[in-house]
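I have placed the structure first, in the form of structure tokens, so that the comments after it can refer back to it.
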Amino acid sequence: MSDRITKFLKRLSNKEYDRIVPVIERIMAGELQGLDVKALVGRKHMFRVRFGRIRIIFMNDGSSTTVTAITNRDDKTYKIQ
């Protein structure tokens, strides 16, 4: 995971961290059933999972899954470079 994702996870409370890590593991394993997944408009193979106020942005090209960002929802959430 990137430094940005690691920093975000470190800032979470223990309770939030314990709830979000299993979601990330499910995304990486491709087990998206039951998650609030939505394709990002204008971005091929990019999706978001909504988990409360937290958004997990990931790329899935069919053969691999990569978490690209984890952020709190705000106006800049989906403006990924």
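The values are calculated or read from the model by the stated rules, or taken from the named source; none is laboratory data. All of these numbers come straight from a predicted model, not from anything done at the bench. Note: ideal-geometry Cβ built from the backbone for every residue, glycine included; neighbour counts use all protein chains shown. Surface areas here come from the heavy atoms of the whole protein model, side chains and all, with no ligands, DNA or RNA. Shrake-Rupley method; radii C 1.70, N 1.55, O 1.52, S 1.80 Å.
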Quiz prompt | Value of relative contact order over the chain, rounded to a whole percent, pairs C-alpha under 8 Å and six or more apart | solution = 23 percent
Self-check item: Directionally averaged shadow of the chain, computed from the convex hull of its alpha-carbon atoms, nm²
Solution: 5.4 nm²
Practice problem: Which order do the peptides 37-49, 10-22 take when ranked by the mean count of other beta-carbon atoms within 10 Å per residue, highest first? | Solution: 37-49, 10-22
Quiz prompt | Net length gained if the chain between ASN14 and ARG50 were fully extended (0.36 nm per residue, minus Cα distance) | solution = 11.0 nm
Quiz item: In square angstrom, what is the accessible area per residue of segment 1-58 with a 1.4 angstrom probe?
Solution: 71 Å²
Exercise. Could you bin all the Cα-Cα distances of segment 1-43 into 10 Å bins starting at 0 and give me the percent of pairs in each, rounded to whole numbers?
Key: 23, 44, 32, 2
Practice problem: Quickly work out the VAL41-to-ASP61 label distance, labels modelled 7 Å from Cα along the C-beta direction, and quote it in nm with one decimal. | Solution: 2.6 nm
